[in-house]
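*Asks:* Below you'll find the structure I mean.
The values are calculated or read from the model by the stated rules, or taken from the named source; none is laboratory data. None of these values were measured; they are calculated from a predicted model. Glycine gets a Cβ as well: all are built from the backbone with ideal geometry, and neighbour counts include every protein chain shown. When the accessible area is computed, the model is the full protein with side chains, heavy atoms only, and any ligands, DNA or RNA have been set aside. Shrake-Rupley method; radii C 1.70, N 1.55, O 1.52, S 1.80 Å.
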Amino acid sequence: MNIPILMYHSIELMPKKTVMRSLHVPPRRFQFQMWMLKILGYKALSLKNLKPYLDGEKHGKVVGITFDDGYRNNLINAAPVLTKYNFSATCYIVSESIGTSNTWDLDKGITQRALMNVDEINEWLNLGMDIGAHTKTHVDLTLVSEKQALIEIGDCKTELEKKFHVPVNDFCYPFGHFNAAVCNITKDSGYVSATSMKRGRVNSKSDMHILPRIPINHRTLPHLFLAKILTKYEDKK
């Protein structure tokens with residue numbers, strides 16, 4: 001059984017001239033997408049809740065929902081829609097950037113958006129959502145030493161667990177970049193899963209530490225969203 005894991009970033013309506021506008025899904029479009037999942041009989045789940053399906057222990061119409069970086073607009077614009085349909089999602093947090101903005105994008109001229117602070121992440125968790133780790137500083141793990149990668153990956157888990165008193169078992173590679181050494185460090189650091197930016201759906205044969213995802217962006221109109229969920233469209237990418 002092939003399961004889509006959807007990859008979102010920011011849920012916000014942005015002006016037409018916004019650099020990398022595709023990263024931002026308008027709230028009304030997100031609402032419509034979640035409504036479509038509900039109408040089609042799908043249950044949208046965080047990585048923690050999706051794991052029994054990936055392991056073949058549970059069966060049903062499910063999709064995974066992930067948000068990279070931890071934007072405040074995930075809490076404001078996405079969480080109410082998710083709770084309305086009794087869905088859950090995983091938000092990947094950059095542990096040293098909590099309460100700041102996506103400063104790793106400054107050199108690319110990408111618009112800065114607020115990231116959730118500690119209270120807001122706690123609110124996210126209290127709504128039944130989950131968090132995962134996205135390194136300490138959103139560094140490209142393939143460009144640093146293995147020692148530095150270990151700190152970025154391992155310490156992020158430790159810091160988030162200490163700060164929020166929840167297990168953090170799910171990881172996401174910043175920029176989608178990884179190699180064999182980075183994968184091994186992620187496994188050795190105790191993560192149960194790691195998502196990438198490889199495209200496609202997952203199944204019981206998928207490597208849990210190189211899980212592919214399906215990008216949902218500003219240009220994902222209803223017909224394309226349905227194709228990504230219901231067909232082999234993404235498997236061919």
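*Asks:* Using a 1.4 Å probe on the protein heavy atoms only, what accessible surface does HIS59 show? Give it in Å² to the nearest 10.
*Replies:* In the full protein context, HIS59 sits at about 150 Å².
*Asks:* Of GLU120, GLU234, GLU146, which has the most accessible area with a 1.4 Å probe, and how do the rest follow in descending order? Don't skip to the end; give the middle numbers.
*Replies:* Values: GLU120 35, GLU234 0, GLU146 120 Å².
Largest accessible area first, the residues go GLU146, GLU120, GLU234.
*Asks:* Roughly how big is segment 107-237's charge dipole about its Cα centre, with Cβ charges of +1 (Lys, Arg) and -1 (Asp, Glu), in debye to the nearest 20?
*Replies:* Working: 18 positive and 16 negative charges, 156 e Å.
Result for segment 107-237 is approximately 740 debye, rounded to the nearest 20.
*Asks:* Using a 1.4 angstrom probe on the protein heavy atoms only, line up ARG213, ARG113 by accessible area, largest first. Please list the in-between numbers first.
*Replies:* Working: ARG213 0, ARG113 60 Å².
Largest accessible area first, the list is ARG113, ARG213.
*Asks:* If you roll a 1.4 Å probe over the heavy atoms of the protein chains, what accessible area per residue do you get for the chain, in Å²? If you can, show how the numbers build up before the last one.
*Replies:* Values: 10710 Å² over 237 residues.
Accessible area per residue: 45 Å².
*Asks:* Of the residues SER95, SER193, SER206, which exhibits the maximal mean-square fluctuation in a Gaussian network model of the chain defined by a 10 Å Cα contact cut-off?
*Replies:* Greatest mean-square fluctuation among the candidates belongs to SER206.
*Asks:* Could you give the length gained on full extension between LEU13 and SER145, defined as 0.36 nm per residue of separation minus the Cα-Cα distance, in nm?
*Replies:* Numbers: separation 132, 0.36 × 132 = 47.52 nm, distance 3.80 nm.
Answer, rounded to one decimal: 43.7 nm.
*Asks:* Each residue of segment 20-29 in turn: what ³J(HN,Hα) in whole Hz from Karplus with 6.51, -1.76, 1.60 and θ = phi - 60°, glycine and Pro shown as x?
*Replies:* Along segment 20-29, the couplings run 6, 4, 4, 5, 10, 9, x, x, 5, 5 Hz.
*Asks:* Report the residue, chosen from CYS183, CYS156, CYS91, that carries the largest GNM mean-square fluctuation when the chain is represented by alpha-carbon nodes joined by springs under 10 Å.
*Replies:* Top of the fluctuation ranking is CYS183.
*Asks:* Okay, next question. For segment 37-49, in order, what is each residue's ³J(HN,Hα) by Karplus, 6.51 cos²θ - 1.76 cosθ + 1.60 with θ = phi - 60°, in whole Hz (x at glycine and Pro)?
*Replies:* Computed from phi, the couplings for segment 37-49 are 4, 4, 4, 7, x, 8, 10, 8, 9, 5, 4, 4, 6 Hz.
*Asks:* What percentage of the solvent-accessible surface of the chain, computed with a 1.4 Å probe over protein heavy atoms, is contributed by carbon and sulfur atoms?
*Replies:* Working: 5750 of 10710 Å².
Solvent-exposed carbon and sulfur of the chain make up 54 percent of the total.
*Asks:* If you don't mind, there's one more thing I want to ask. Which of GLU161, GLU57, GLU152 moves most in a GNM of the chain, Cα contacts under 10 Å?
*Replies:* GLU57
*Asks:* How do SER10, SER189 rank by accessible surface area computed with a 1.4 Å probe, from largest to smallest? Numbers along the way, then the final one.
*Replies:* Working: SER10 0, SER189 25 Å².
These residues rank, largest area first, as SER189, SER10.
*Asks:* Give the lysines whose C-alpha is closer than 23 Å to that of LYS163, dropping any in the same chain fewer than 8 places away, or say none.
*Replies:* Answer for LYS163, where 23 Å is the Cα cut-off: LYS48, LYS136, LYS187, listed by chain and number.
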